[in-house]
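A short write-up of the structure that comes next.
Read-outs: derived from the displayed coordinates by stated rules, not from any lab. Computed from a predicted model, the values in this text were never measured in an experiment. Cβ placement follows ideal geometry from the backbone for every residue including glycine, while neighbour counts extend to all protein chains displayed.
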Amino acid sequence: MRDEIDKILASPVPSRAFLLMEKTGLLELFIKELAVCRGVEQKGFHSFDVLEHSLLACDYAAAKNYSHQVRLAALLHDIGKPDVRKMGESGVWTFYRHEEVGADMCNKLLKRLRYSNEVIENVCHLVKEHMFHYTEDWSNSAVRRFIARVGESALEDLYLLRRADAFALAGKETEPINLIELSDRVKKVLAEKHAFTIKDLAVSGTELMTIGIEGGKTMGIILKELLETVLDDPAQNTREKLLEIAGKIAKERS
């Protein structure tokens, strides 16, 4: 079934096959998480129900020749919506945290279909992160945290998923709000060669052990706090400064 889904995703208009699967009952049988999106209205922000929106996003990704993983993420990015839908006080349906719920559902679905661990990890990550909300008042540290959370290798695919999602709001080409500005700011920050992961820190776990910090959970916590410090202020990413900060954190925790 996985191989058949991959062939559908590789076709020029994937929705044709998925709609045929829905009509014959195969969609509910093999991808129930997607089938139950039919009839889940989301008026106020979208012109289509969740299933039609998802199929439009997938078709757009196919038409633009996006990668297999982006097409798969486009198809599944909103499968968490039926589970979290609530009527808001204004009379408009809300879908809070659908990206987190959807990522968990996506993980289970793709495992059931026996996708590789790499595909599962990458697609679920895109689903989880697709609701980022950039505004022009983001500080540079906010941009650095965005890069750190998404991961440099996933940024371009996430932008493409956002474009597919934006198209599927009303079925027409549109430029996602502030996406170009965010992309430009991300490129500028990346060019500055700051630390975005623990591996980028000026100290390693081995060096922290030389000042008496034990390995294990405590070490992991301290390294994460050091990364948070550096994301706030890249100038702190020196061996001497980080060892000093780590020593203070260790002392406070003892």
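All other residues with a Cβ under 14 Å from the Cβ of Ile180 taken together, and with Lys, Arg as +1 and Asp, Glu as -1, what is their net charge?
That works out to 0.
Cα to Cα, under 15 Å, and not fewer than 8 places away if on the same chain: which aspartates and glutamates meet these conditions relative to Lys111?
Asp3, Asp6, Glu33, Glu121
Just subtract the alpha-carbon distance of Arg2 and Ile198 from 0.36 nm times their residue separation and send over the number in nm, one decimal.
67.0 nm
With +1 on each Lys and Arg Cβ and -1 on each Asp and Glu Cβ, how big is the dipole of the chain about its Cα centre, in debye rounded to the nearest 20?
Taking the Cα centre of the chain as origin, the dipole is about 440 debye.
Rg and Dmax in Å for segment 198-253, alpha carbons only: what are they?
Computed over the Cα atoms of segment 198-253, radius of gyration and Dmax are 9.9, 27 Å.
Using a Gaussian network model of the chain with C-alpha springs under 10 Å, which one of Ala235, Ala103, Ala195 is most mobile by mean-square fluctuation?
Its mean-square fluctuation being the largest, the pick is Ala235.
Largest first and in whole Å, give the semi-axes of segment 155-254's equivalent ellipsoid, each being the square root of 5 times a Cα gyration tensor eigenvalue.
39, 14, 10
What is the Å³ per residue value for the convex hull set by the Cα atoms of segment 70-115?
It is 68 Å³ per residue.
Could you give me D for segment 111-214, from Stokes-Einstein at 20 °C and 1.002 mPa s, where the hydrodynamic radius is the Kirkwood radius over C-alpha pairs? Units µm² s⁻¹, please.
133 µm²/s
Alpha carbon centre of segment 189-208 versus segment 32-56: separation in Å?
What the calculation gives is 42 Å, centre to centre.
For segment 1-82, just say rounded, prolate or oblate: build the C-alpha gyration tensor, square-root its eigenvalues into a ≥ b ≥ c, call rounded for a/c under 1.5, and beyond that prolate if a/b exceeds b/c, oblate if not.
Verdict is oblate for segment 1-82.
Need one number: nm distance between label points at Asp104 and Lys248, each 7 Å from Cα along Cα→Cβ, rounded to one decimal.
About 3.7 nm separates the two model spin labels.
Seen from all sides and averaged, what is the projected area of the convex hull of the Cα atoms in the chain, in nm²?
Dividing the Cα hull surface by four gives the mean projection, 16.2 nm².
What is the local net charge at Val189, summed over the other residues whose Cβ is closer than 14 Å to its Cβ (Lys, Arg +1; Asp, Glu -1)?
With Lys, Arg at +1 and Asp, Glu at -1, the neighbours total 0.
With +1 on each Lys and Arg Cβ and -1 on each Asp and Glu Cβ, how big is the dipole of segment 1-117 about its Cα centre, in debye rounded to the nearest 20?
Computed about the Cα centre, the dipole is about 240 debye.
What does the convex hull of the Cα atoms of segment 22-149 come to per residue, in Å³, rounded to a whole number?
138 Å³
Glu89 versus Leu19, label points 7 Å from Cα toward the beta carbon: distance in nm?
In this crude label model, Glu89 to Leu19 measures out at 4.0 nm.
For the pair Ser67 and Ser141, how long in nm is the line joining their label points, each one 7 Å along Cα→Cβ?
Distance between label points: 3.2 nm.
Given the rule -39500 (n - 2.57) for each run of at least 4 DSSP H residues, summed and divided by the residues of the chain, what is its mean residue ellipticity at 222 nm, to the nearest 500 deg cm²/dmol?
Mean residue ellipticity, 222 nm, calculated: -18500 deg cm²/dmol.
Please report Glu89, Glu99, Glu207 as a ranked list, fewest other C-beta atoms within 10 angstrom at the top and most at the bottom.
Ordered from fewest to most neighbouring Cβ atoms within 10 Å, Glu89, Glu99, Glu207 come out as Glu89, Glu207, Glu99.
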